[in-house]
1. Please work out the C-alpha center-to-center distance from the range 755-774 to the range 631-710 and express it in whole Å.
2. Please list 401-408, 228-235 highest first by mean number of surrounding beta-carbon atoms within 10 Å per residue.
3. Can you grab the distance from the C-alpha centre of the range 458-509 to the C-alpha centre of the range 193-207, Å, no decimals?
4. What is the gain in length, in nm to one decimal, between SER819 and LYS133 on full extension, counting 0.36 nm per residue of separation less the C-alpha to C-alpha distance?
5. One quarter of the convex hull surface, Cα atoms only: what value does that give for the range 102-304 in nm²?
6. Any of LYS276/LYS406; LYS191/LYS603; LYS276/LYS417; LYS263/LYS406; LYS769/LYS822; LYS523/LYS544 with alpha carbons more than 30 Å apart? Name them for me.
7. Arrange the peptides 463-475, 779-791 so that the one whose residues have, on average, the most other Cβ atoms within 10 Å appears first.
8. Output the peptides 551-564, 315-328, 923-936, 425-438 sorted from most to least packed, where packing is the average of other Cβ atoms within 10 Å over each peptide's residues.
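All of the numbers you see were taken from the coordinates with simple rules; none came from a lab. Nothing here was measured: the structure is a model prediction, and the numbers come from that model. As a convention, Cβ positions derive from the backbone with ideal geometry for all residues, glycine included, and neighbour counts pool all protein chains shown.
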Amino acid sequence: MKIKEFMQKCLDFIRTTWKKQTIQKTSRIGYHIIWNITLLFISIAIIGAFFVGGIGAGYFASLVDEEKIQSKDEMTAAIYNYEETSEFYFANNQFLSEVSTDLLRDEISLDMVNPYVQQAVIATEDQYFETHKGIVPKAILRAVFQEVTNSATKTGGSTLTQQIIKNQILTNEVSFERKAKEILLAMRLEKFFEKDEILEAYLNIVPFGRNSSGQNIAGVQTAAQGIFGVNASDLNLAQAAYIAGLPQSPSYYTPFLNGGGVKDAEGLEPGLTRQKSVLSRMLEAGYITQAEHDEAVNYDIVADFKAPEESVLEDYPYLVNELENRATSILIEHLAEQDGYTLEDLENSSILMEEYQIRAERELASSGLRIHSTIDKELYDVFQTVSNQYNNYGVEKPARNERNNKPIMVTDPETGKEVPLGNQPVQVGSVLIENSSGKILSFVGGRDFAISQKNHATDVRRPNGSTMKPLVTYAPAMDLGVVQPGSVVADVKASFRGYDEPPNNYVIGRYYGLVSVREALYKSHNISALQVYSKIIDQNPVEKYLEKMGFEALSHEDGRSDYENMSITLGSTLYGVTVEENTNAYATFGNGGKFVDGYMIEKIETKDGEVIYQHESTPVEVFSPQTSYLTVDMMRDVLSNGTGTAARSALNNPSVDWAGKTGTSYDWRDTWFVATNPNVTLGSWMGYDYNQTLDTGYSTRNNVFWAQLVNAATEIRPELMAPSQPFEQPGGIVSRSYCATSGLLPSDECSQLGLVRSDIYNANYVPTKQDYSLIRENYVMIGDNALQAGENTPAEFTEGNGYIFNPEWLEDMGYDRLSNIKQLIPFNASGGWSNIQFPSSTSSIGNNDGQAPSAPNNVSISGQTISWTNSGSPDVVGYRIYRSSSPDDVSFQRIGSTAELSFTVPNQNAVYVVKAVDYHGNESGRSQRVIFGDFSSDEGETSSPDEETNENTETNNDQNSENTNENNQETPEGDQNTGETPDSTENGE
């Protein structure tokens, strides 16, 4: 009841208030306020839009301010410039090939293209194609918004017209400036062309991925033929939709592998998904019915893919590809310079570089240029013949991953499964360069382009092993005056910066002792090279010399810098070198020390004959003529006496003046031979693409291959390959004699030992100091070492006028710190070397403290020979032998001395003891006694001499005690051999 009354009162209040119009008045006031605020915001938004639009228009105008307004004729030429291909020529204007191998394109008119294709392209790429004027504003605004907000989803905003502009006039550069130019030019293009003309141009221009042979293709007719094996007019709906989906990402959606053949199921999936998307858009646009859509979706498109077929490669695949790459690089710089940019500008801007890369490729592909090369056709042909017919490359090996040694896997085009790549051949690369001009006359890029498309002559980088030694070590060190051919280095166990353990010499692990720089080079001693390089590394030979010789991939990385690592002298650079770089550097020696950068493009001219590029060589002096000649002279020995003898023995003209160097990398993965004559330089490399170890005989195989290239080329160009004159010796070269121990001017001691050698020198760096490595005077032997005789050293143990390494010289050279000084004697040395003794430091002997050395041990007799073991004292220089007439006679007379551990006694019955004598003349006590002969009549015993030896020995302790007493009692006669009494030098008296 109460609730009812309450509800009734509320209703009465509402009726009364409404009749007074209180609610209406309040609502009208609120409505007006809200409306006015809304109008304010709308006004602000409109003003803001105009303001932003003005800014946008101004910004757009600034972006296209410098863009040239093209006429209809200019745009027509740009759009339809895909018909004239450029041409390559050998030297002497011999035609080589058209530039048509990288991108296949067949032109077709629009009426020969199936309508399905046209509809699919429009539905997919430009649904407003028929109505827009070149651009779709909302699509552009959407794309700009996505770019500004960095949206993860990018839907794009380019019409077909814009894509033509991007492909034919501009670039793929991602920037607002490029987009603004694209918009402006697209709108202008729409004024000049009909829609059918634009669509036809698009279908002939756009790339469609690869064909079944793996070649890049462009144009719808080429795509239809290359993918399905039919003409563009005969494509069915499913095929048309598949092709129409390719331009968005040709390499991703293409059904074929780079080397030809169909991708596996996973690789095909993106293209099939894209096809379904195209069909859906065609359905939405009303081009096809639901039934047609469903039938095309269920169509087995994979079954229509063209079977793999052998690619129709040009006759000169390595050469054409190389010329195309080099011509593109030249055109990039040429086009950039025309626009006011330098090469440095391009290198510092990836956007600029991409723009000019695209423009250069277009110029090359469609501007009808004539590219003239330096390649001698006949030489190139014969090089390929030699490489194809050579039958001693070595065995094929399974391709394995260098890091984990697992097989390299590839996709089987038939099954789509991952399978091992299988056996791979030993590859080869070779380059022939003219020394004076830098012209690359010929090269071998590899054994089979179908197996490996890598150009092993110009692109593949590998460690160049010992071929680096003349370039970064020996020639720079001679140029700096640090060494000369006759300088002597110590090939001994030593520590070097960057090596945790002292390195060994290659393969054999031995050391070669004191060797000349000449021998170190032609025999390719690693330790010798490290020794020399350690003397010059602080003078930065990499920057001063290697950089000047065109090495482009030198590392500055911390811890792996080629400028700081000692191992670079052994060819261990971080990124490796190419055969071209290595050969080009050696041509410096053939050109008197001047480097001329190798080149392959002589000139580029337009179809009208206008030369737009002409190569100009600029020689750079790297080494003095004297240094260059000395290096050449040492490298002559490589072929005559060193590691390159197999090359010379295989030459048909061995009298030609060749000088070169072999090289092998770590684990025998690369083998090199580079040699120069007065006209040309030829380098050759062999190795596996996947860095397997080469089999035994690798160096000889490469040397002989190099010689066969020379022989074949000489038959064609004898005046070039076989000059009759040798390298011309410049002024300032002199001949000098030197001592083989030190490289200094010979001393009397060096001459007496027969260790004088001679060599040629730069006159500015001939040795001026006389050798002091040898001394000749009295010495004694302590163990294996010689020691100059002291004031109290017994004369009977000295070698009169013997030859010893001078301790002062050893200290000056740092050789006194060697763990084994015997390493200094050259390997397999003979003659005077065997007469040199190794000095021992007197500090190891100490001062004379008057203490007698220990007596010798284990004295025994066999026949007439007494023998014993060393005294335990370190300074013993010899032994004295004493005799008594019977076992009962305690007086002993000295009968001889020796530095050996044995002595032959007279054939008389006697008792013998031996005493040790030290450096200071101190004599030990007696050794144990030995009895020789038969004393049975005196002692009531009968025994043979041998029995006496065993039966009459006494302990050292007892004997020493006896000797101590007897020493004071003996008054022996003078030694018959020396004329001295045995006590005359005892205890230093």
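1. So the separation of the two Cα centres works out to 31 Å.
2. 228-235, 401-408
3. Cα centroid to Cα centroid, the span is 63 Å.
4. Extra length from SER819 to LYS133 when fully extended: 238.2 nm.
5. 11.4 nm²
6. Distance filter (> 30 Å) returns LYS276/LYS406; LYS191/LYS603.
7. Put in order of decreasing packing, that is 463-475, 779-791.
8. Sorting 551-564, 315-328, 923-936, 425-438 by mean packing, highest first, produces 425-438, 923-936, 315-328, 551-564.
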